[in-house]
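Visitor: Can you read through this structure? Questions will come right after.
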Amino acid sequence: MKDVTLAAEIIAISLSALAGIYGAWCWWRAHATAWFWRVMRAAQAAIVIQAALNGILVLTGPKPKGLHILYSVVPLLVSLIAESLRVAAAQTVLDQRGLESAKAVGRLPDDEQRGIVVAIIQRELAVMTIAAVVIVVLLLRAIQTG
C-alpha cells in the first residue's frame with residue numbers, strides 16, 4: 001500500500017508541476033486555455049486520491065510519520081483556498097476599478113472591457129499557478145518525510 005501511495009504522490013506532483021508551468025505560460029500570455037483547466041482539475045483529482053490513499057494507509061497499514069500526513073493533507077486545503085480566491089478574482093478586479101457588477105463592465109468601451117477580462121484571467125491564473133507550485137513543494141516534502 002505504501003508503494004501505491006508513493007505512486008499517487010508522484011502523479012499528483014507531476015500533474016501539479018505541469019499545471020504550474022503551463023499556468024505560468026498562460027499567465028504570461030494572458031490567455032487561459034481549456035487545456036490548462038483540464039490539467040489543473042486532473043492535478044486536483046490526483047491530490048484528492050493521494051490524500052485518500054494516505055488516509056487508508058493511516059487506518060490500515062504501518063503508521064507514517066506525522067509530518068508526512070500533514071504534508072499530504074495540506075495540499076487539499078491549499079487547493080480549496082485557491083479555488084475560493086479564484087472565484088473572488090473577478091469581483092476583486094471589479095472592486096479595484098470601482099465597478100459594481102459585470103453589467104457595469106458591459107457599458108464600457110470594448111477596449112476597456114477586454115482589459116478587465118484580461119486582468120481577471122491573469123488574476124485567476126496567478127492564484128491557481130501559485131497554488132500548484134505550493135502543492136508541488138508540499139508533496140515533495142511529504143515524500144521526503146515518508
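Just so you know, all these numbers are worked out from the coordinates, no wet-lab data involved. All of these numbers come straight from a predicted model, not from anything done at the bench. All Cβ positions, even for glycine, are placed from backbone atoms using ideal geometry, and neighbour counts span all protein chains on display.
Visitor: Does the range 13-24 contain any residue that is touching an Asp or Glu at 6+ places or on another chain (Cβ under 7 Å), within 25 Å of Arg123 (Cβ to Cβ) and not hydroxyl-bearing (Ser, Thr, Tyr)?
Guide: Filtering the range 13-24 down to residues touching an Asp or Glu at 6+ places or on another chain (Cβ under 7 Å) leaves none.
So far as the range 13-24 goes, no, none of its residues is touching an Asp or Glu at 6+ places or on another chain (Cβ under 7 Å), within 25 Å of Arg123 (Cβ to Cβ) and not hydroxyl-bearing (Ser, Thr, Tyr).
Visitor: Pick out the one residue from Glu83, Glu100, Glu124, Glu112 that is in contact with a Lys or Arg (Cβ under 6 Å, 6 or more places away or on another chain) and on the phi < 0 side of the Ramachandran plot.
Guide: Glu124
Visitor: Of the residues Arg41, Arg123, which is of a type in the set (D, E, K, R), surrounded by fewer than 16 Cβ atoms within 10 Å (Cβ to Cβ) and more than 18 Å from Val4 (Cβ to Cβ)? Outline the logic, then answer.
Guide: On the way: Arg123 fails: surrounded by fewer than 16 Cβ atoms within 10 Å (Cβ to Cβ).
The conditions single out Arg41.
Visitor: Trp27: in a helix (DSSP H, G or I) and in contact (Cβ under 8 Å) with a residue 60 or more places away in the chain, yes or no?
Guide: Answer is yes for this residue.
Visitor: Among Thr60, Thr5, which is the only one that is more than 19 Å from Leu140 (Cα to Cα) and of a type in the set (Val, Ile, Thr)?
Guide: The unique qualifying residue is Thr60.
Visitor: Right, here's the next one. Among the numbered criteria (1) under 19 Å from Ile135 (Cβ atoms); (2) touching a Lys or Arg at 6+ places or on another chain (Cβ under 8 Å); (3) not basic (Lys, Arg), which one does Met40 miss?
Guide: The number of the failed condition is (2).
Visitor: Sticking with this one: Can you confirm whether Leu99 is over 17 Å from Ala12 (Cβ atoms) and touching a helix residue (DSSP H, G or I) at 6+ places or on another chain (Cβ under 7 Å)?
Guide: Values: over 17 Å from Ala12 (Cβ atoms): yes; touching a helix residue (DSSP H, G or I) at 6+ places or on another chain (Cβ under 7 Å): yes.
Considered against the rule, which asks whether it is over 17 Å from Ala12 (Cβ atoms) and touching a helix residue (DSSP H, G or I) at 6+ places or on another chain (Cβ under 7 Å), Leu99 comes out as yes.
Visitor: Would you please list the contacts, defined by Cβ atoms under 9 Å and residues six or more apart or on different chains, that run from a residue in the range 57-68 that is under 12 Å from Thr5 (Cα atoms) to a residue that is exposed (fewer than 11 other Cβ atoms within 10 Å of the Cβ)?
Guide: Leu57/Lys63; His68/Gln144
Visitor: Let me ask something else. Quickly run through the range 30-56 and pick out the residues that are in contact with a Phe, Trp or Tyr (Cβ under 7 Å, 6 or more places away or on another chain) and without any contact (Cβ under 8 Å) to a residue 60 or more places away in the chain.
Guide: Selection gives Val39 alone.
Visitor: From Leu138, Leu67, Leu85, grab the single residue that is over 22 Å from Leu15 (Cα atoms) and either crowded, with 19+ Cβ neighbours inside 10 Å or of a type outside the set (Gly, Ala, Ser) (or both).
Guide: One residue alone meets the criteria, Leu67.
Visitor: Continuing with this model, one more query. Quick check on my filter: what residues within the range 71-106 are in contact (Cβ under 8 Å) with a residue 24 or more places away in the chain and hydrophobic (A, V, I, L, M, F, W, C)?
Guide: If the condition is that a residue be in contact (Cβ under 8 Å) with a residue 24 or more places away in the chain and hydrophobic (A, V, I, L, M, F, W, C), then Val74, Leu76, Val78, Ile81, Ala82, Leu85, Ala89, Ala90, Val93 are the ones that fit.
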